[in-house]
Amino acid sequence: MHGQTTTYDHLALTERELGRLDAMERYTLVSGYNDEALDRITRIVTFALGVRSSAVSIIGKDTQYLMSTHGIARADGPRCDSFCSHVVALDRRVGVPDARRDPRFAGNPLVLGDPNIRFYLGVPLRAAEGFVVGALCAIDDKPREVLEDHVEILTDLAALAMDRIDLNFAATIDGLTGVLRHNAFLSEAGRDFRRAGRGGSPLSCLMIDADHFKSVNDRFGHAKGDEVLALIGGICKSHCRAGDYAGRVGGEEFCVLLPGATSESALAIAERLRSRVEAASRAAPELPDISISVGVSSLAPGDAAVTDVMARADKALYAAKHAGRNCCRSA
């Protein structure tokens, strides 16, 4: 697209977009992601195309996640303001020689104010299955012509960026449950712990364990046990708030980190997850009856690391087990 305008709603939840968002569930999108290889790609884009800045963005339902930037502040933002959201909606490259002259973008706050976008060129980050997860883009604060050789460079680099994103996904995501692997979870949780400490904001976590899981494996086999874990992991991912995330920290044990959550709200979230697992188990006749016990804890003065918060939640989890299981307890 060379500045052409097309009538469409880049935020519309079309059938294709709903399918894309379902497929995107496998990507655990967490603010603060860092990858030196993606940073190299955005640097190359900036210098090869001679633009002011570049970015790798992934587009969620409501949020644009910036995985890497060069020459521009890195901050996640609302999808409604995202130029890259238009790449996703159109499923192809978007070239904008001068955003002030394009009715789709002339009133955009990123055009009217910092970073004063004039030129934009974005190409799709396309997963192996064909859906677009986001865009690799080049940005400038001066109008520019969209050149085909620049499109080709950006397209080749987008393929490399997508390969890297998928590689990191494979290394950080538990393939069975779809939640973060233990080490990846601890890395993200440690970052949020430090952020909460600096800002004085609340932070809570849930330790979750599948009740009587050994007997499930013994009676029904490990394949059914895997289905149970996948069910619990899926509920942990899909029934928390935006910004919360889960990790598999043991064989049948999960931890959910809740940035900004007080102990009261964390307990309410824990109870919601517990009841969802119980209801989902009853609604799946092919699965054995399953329930979870949940321990809840919150950041406290004197905590030196996020593992201190997790350790108290683990003690609360054992209290829930001793209380008869299928319940929640706070530290």
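Quick notes on this one:
- Applying Stokes-Einstein at 37 °C and 0.692 mPa s to the Kirkwood radius of the chain, computed over alpha-carbon pairs, gives a translational diffusion coefficient of 153 µm² s⁻¹.
- Fraction of alpha-carbon pairs over 23 Å apart in the stretch 182-330 - percent: 31 percent
- Helix runs (DSSP H) in the chain reaching 27 Å along axis by Cα, Kyte-Doolittle at least -0.5: 148-172, 263-282
- DSSP beta bridges fully contained in the chain are about 90 percent antiparallel.
- A full extension of the chain between residue 280 and residue 159 corresponds to an added length of 39.7 nm, given 0.36 nm per residue minus the alpha carbon distance.
- DSSP-defined antiparallel bridges as percent of all bridges, the stretch 182-330, nearest 5: 85 percent
- Amide H within-cut-off set for residue 67, under 5 Å, with H built and near neighbours excluded: 56, 57, 58
- Mean sequence separation of contacting Cα pairs (under 8 Å, at least six apart), scaled by the length of the chain, corresponds to a relative contact order of 13 percent.
- In the frame of its principal axes, the stretch 15-171 has Cα extents of 39, 32, 28 Å, reported largest first.
- This ranking places 139, 58 by how few other beta-carbon atoms lie within 10 Å of each, fewest first, which gives 58, 139.
- Order of 236, 205 - criterion: other Cβ atoms within 10 Å of each residue's Cβ, fewest first: 236, 205
- Cut-off of 10 Å, at most 13 other beta carbons, DSSP loop: longest stretch of the chain lacking such GluC sites (Glu not before Pro): 146-285
- Euclidean distance of C-alpha centroids, the stretch 67-128 and the stretch 192-238, integer Å: 36 Å
Bear in mind these aren't lab numbers, they're just calculated from the coordinates by the rules spelled out. Predicted model only: the values in this text are computed from it and were never measured. Positions of Cβ are generated from backbone atoms using ideal geometry, with glycine treated the same way; all protein chains shown enter the neighbour counts.
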